[in-house]
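Trainee: Please find one structure pasted underneath; my questions will follow.
Any read-out appearing in this document is the output of simple, stated calculations on the displayed coordinates, not a laboratory observation. Nothing here was measured: the structure is a model prediction, and the numbers come from that model. With ideal geometry, Cβ positions are generated from the backbone for all residues, glycine too; neighbour counts draw on all protein chains shown.
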Amino acid sequence: MKYTIGLDYGSDSCRAVIIEAQTGKEIASSVKYYKRWMQGQYCDPQSNQYRQHPLDYIEALEESVKEALSKSPAGTAEAVVGMSFDTTGSTPALIDKDGNILALRPEYAENPNAMFILWKDHTATKEAARINEIAAKWPIDYTAYEGGIYSSEWVWAKIAHVLQADKSIVGDAYSWIEHCDWMPALITGTTKPADIIRSRCAAGHKAMWLKEWDGLPTEDFLIEIAPELKGFRDRLFHETYTSDVKVGNLTQEWADRLGLTTNVAVGVGAFDCHMGAVGAEIGPKAFVRVIGTSTCDIMVVPYDDMHGKLIPGICGQVDGSVIPGMIGLEAGQSGFGDIYAWFKNVLAWPFENILKNSSLVDQATKDKLIEEALDKMIPALSEAALKIPTTESSALAIDWMNGRRTPDANQLVKGTISGLNLGSSAPLIFKALVEATAFGSKAIIDRFLENGIEIDSVIGIGGISQKSPLVMQTLADVLGMPIKVAKSDQACAFGAAMFASVVAGVHADIYAAQKAMGQGFSHEYQPDMAKHEVYMKLYAKYQKLGKFTETELFQ
């Protein structure tokens with residue numbers, strides 16, 4: 001028996017899953033949270049700054065793989081033949097001429113600008129606007145295959161921002177690397193900038209890479225964004241690779257650190273949602289939603305079905321970014337579960353600031369009360385919200401608390417809640433927020449349909465799809481479409497393990513890996529078409545309120 005390991009790097013943690021490559025049976029898994037991140041280090045939510053230290057990634061890798069192996073039968077480690085990574089994205093960091101992340105050098109160890117810039121960091125809104133302004137006037141529109149609008153969540157805006165904001169790092173900033181490219185490079189010893197194997201997924205969707213214009217945008221274009229980018233293009237890359245390509249094998253050092261062998265083949269990395277779609281057995285006309293703190297929506301389209309289409313306002317269309325041999329389409333929402341978490345935190349204020357300081361009960365009791373209240377808050381809100389009738393006069397919200405990713409990226413917009421009165425309860429407001437995230441989802445699907453992309457099934461993966469009947473039923477009712485939920489609660493890691501099986505030669509291609517290792521679906525939500533009719537009237541109001549919010553309130 002042969003095994004592969006899928007490494008799924010999310011916003012808060014790393015998950016290692018060991019899979020039986022011939023059957024898809026899960027052998028063991030482990031989740032390790034990023035220690036510095038969980039302490040809030042290097043982040044400033046008020047200014048939308050979210051940075052992660054590379055040591056968090058390294059430590060989580062070692063700890064999760066070792067723990068997963070410790071839970072596995074004897075002999076598993078020796079039979080592991082492949083390993084692949086998926087990560088959040090765009091999550092880049094600057095590297096020096098030797099390929100070291102700047103934050104791993106002593107002089108930059110505590111400098112957030114020398115660390116990985118997490119996908120949801122929105123400090124680069126001005127730089128993104130500058131890119132869009134330049135692209136609109138340039139002879140070649142480098143944003144054309146990225147939806148026509150460049151986002152502050154993407155690599156060039158982020159790198160330009162930190163270089164311009166912090167002159168102390170400019171001298172040693174030789175190049176940059178995406179998180180999904182750094183992990184394979186690190187453990188295979190291919191970290192020299194000229195040797196790094198770059199992901200087609202990351203480069204095509206976030207770095208304006210296209211083979212037809214010799215890879216990345218020209219030097220002149222990049223210098224227009226920021227003079228500090230001078231020289232970067234020649235020190236980066238022209239070629240990119242799909243995730244069925246091998247980067248190398250584990251070095252002896254990393255084999256020893258992880259408790260594996262140097263026989264382990266390591267594949268080209270990709271973003272979590274793209275590999276998650278593969279893990280959920282994506283095929284043509286399937287719309288896969290990776291639902292978590294944000295959402296990422298993925299489709300694959302055969303070449304013949306694109307017919308030269310350029311879909312405006314999405315997060316890119318890239319040949320081979322999901323499945324080699326098809327065009328991968330990406331969209332998504334900048335806030336989804338994060339919006340529910342925000343509302344929970346608002347309601348939690350009295351617990352954490354009044355009850356916490358109460359002298360009526362002992363500290364241990366206070367801690368238990370607070371913990372219980374926080375743990376039960378979202379389930380209790382969901383249960384109460386399910387009992388509230390769906391009417392045209394409901395409270396209405398706009399789901400842009402963390403900006404808007406798709407359609408038509410704009411990270412400057414804000415969320416809105418309207419239609420409140422003195423009878424508006426916490427469950428009612430929570431219901432409005434859930435509906436808002438569903439309306440945002442419909443706007444994305446509508447953009448695909450309007451551009452001739454057929455959708456005949458919707459698949460949900462991620463924690464929310466597994467745990468929240470309220471959210472999933474509301475989504476089905478708003479879309480007026482059935483939604484299948486992937487059986488595996490670790491679809492992203494499964495997708496990585498599938499690609500690892502191809503890289504290691506267990507399966508001939510990703511189609512064979514999906515067929516052998518796919519886990520199927522656990523549940524299907526059917527839409528209530530009576531509610532769908534009501535929601536379409538509310539959706540029309542959502543569109544009007546969104547337009548007013550964007551044009552009149554937050555210009």
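Trainee: Please express the shape of the range 318-471 as an equivalent ellipsoid: the semi-axes are the square roots of 5 times the eigenvalues of the C-alpha gyration tensor, given largest first in whole angstrom.
Mentor: The answer is 35, 19, 15 Å, longest axis first.
Trainee: Quick one: if you stick a label point 7 Å off each Cα along the C-beta vector at Ser393 and Ala348, how many nm between them?
Mentor: It is 3.5 nm.
Trainee: Please state, rounded to one decimal and in Å, the Kirkwood hydrodynamic radius that the range 149-303 gives when every pair of distinct Cα atoms enters the mean of 1/r.
Mentor: One decimal place: 17.3 Å for the Kirkwood radius.
Trainee: In a shell of Cβ-Cβ distance under 13 Å around Trp254, excluding Trp254 itself, what net charge do Lys and Arg (+1) and Asp and Glu (-1) give?
Mentor: That works out to -1.
Trainee: Compute the Rg/Rh shape ratio of the range 317-375: radius of gyration over Kirkwood radius, all on alpha-carbon atoms.
Mentor: Ratio value, two decimals: 1.44.
Trainee: Beyond a 24 Å Cα-Cα separation, which of these cross-linked pairs lie in this structure: Lys442/Lys484; Lys71/Lys515; Lys35/Lys431; Lys137/Lys544; Lys206/Lys246?
Mentor: Checking Cα-Cα distances, Lys71/Lys515; Lys35/Lys431; Lys137/Lys544 exceed 24 Å.
Trainee: Report the full-extension gain for the segment Lys537 to Ala512: residue separation times 0.36 nm, less the Cα-Cα distance, to one decimal in nm.
Mentor: Numbers: separation 25, 0.36 × 25 = 9.00 nm, distance 4.42 nm.
Taking Lys537 through Ala512 to full extension adds about 4.6 nm, to one decimal.
Trainee: A follow-up question, please. Count the net charge of all other residues whose Cβ sits under 15 Å from the Cβ of Asn353, scoring Lys and Arg as +1 and Asp and Glu as -1.
Mentor: Neighbourhood net charge equals +1.
Trainee: So what's the range 1-149 giving for Cα Rg divided by 2.2 N^0.38 Å, two decimals?
Mentor: 1.30
Trainee: Next question, about the same structure. Can you work out the PRE-style zone for Lys467? Point 7 Å along Cα to Cβ, and I want the residues of the range 380-409 with backbone N under 19 Å.
Mentor: Counting backbone N atoms under 19 Å from the label point, the list is 380-386.
Trainee: For the range 402-555, what's the radius of gyration and Dmax over Cα atoms, in angstrom?
Mentor: Spelled out, the Cα radius of gyration and Dmax of the range 402-555 are 18.8, 64 Å.
Trainee: I need the semi-axes of the equivalent ellipsoid of the range 349-434: take the C-alpha gyration tensor, multiply each eigenvalue by 5, square-root it, list largest first in whole angstrom.
Mentor: Here the semi-axes work out to 31, 18, 12 Å.
Trainee: Same structure again: So for the chain, what percent of the C-alpha to C-alpha distances run longer than 29 Å?
Mentor: Percentage above 29 Å: 52.
Trainee: Specify the longest stretch of the chain that does not include any exposed loop site, a site being one of the GluC sites (Glu not before Pro) with a non-H, G, I, E, B DSSP assignment and at most 16 other Cβ atoms within 10 Å.
Mentor: With GluC sites (Glu not before Pro) excluded where exposed in loops, the chain gives 240-391 as its longest stretch.
Trainee: If you don't mind, there's one more thing I want to ask. Give the distance, in whole Å, between the Cα centre of the range 496-555 and the Cα centre of the range 48-81.
Mentor: The two parts, judged by their Cα centres, are 28 Å apart.
Trainee: A follow-up question, please. Can you work out the FRET efficiency for the pair Glu59 and Met529, with r the C-beta to C-beta distance and R0 = 41 Å, to the nearest 0.05?
Mentor: With R0 = 41 Å, the Cβ-Cβ based efficiency is 0.25.
Trainee: Quick one: P(r) of the range 464-521 from all Cα-Cα pairs, 10 Å bins, percents rounded to integers, in order of increasing distance.
Mentor: Percent of Cα pairs in each bin: 23, 37, 25, 15, 1.
Trainee: Just grab the label-to-label distance for Leu420 and Ser168, each label 7 Å out from Cα along the Cβ direction, in nm (one decimal).
Mentor: For Leu420 paired with Ser168, the spin-label model returns 4.1 nm.
Trainee: Can you give the net charge of the other residues whose Cβ lies under 13 Å from the Cβ of Phe221, counting K and R as +1 and D and E as -1?
Mentor: Net local charge, Phe221 excluded: -2.
Trainee: Treat each spin label as a single point 7 Å out from the Cα along the C-beta direction, and report the Lys192 to Lys547 distance in nm.
Mentor: Modelled inter-label distance: 5.8 nm.
Trainee: Further question on the same structure: Span-like helices, the chain: DSSP H, alpha-carbon axial extent 27 Å or more, mean Kyte-Doolittle 0.5 or greater, which ones?
Mentor: Within the chain the helices that satisfy the rule are 426-450.
Trainee: Measuring from centroid to centroid over Cα atoms, what is the spacing of the range 1-35 and the range 395-471 in Å?
Mentor: Each part's Cα centre sits 30 Å from the other's.
Trainee: Could I ask something else about it? When only Cα pairs under 8 Å and 6 or more residues apart are kept, what is the percent relative contact order across the range 176-278?
Mentor: 34
Trainee: If the rule is a partner Cβ under 4.7 Å, which cysteines in the chain fail it?
Mentor: Here Cys14, Cys43, Cys180, Cys201, Cys315, Cys492 come out as lacking a disulfide-compatible partner, given the Cβ-Cβ threshold of under 4.7 Å.
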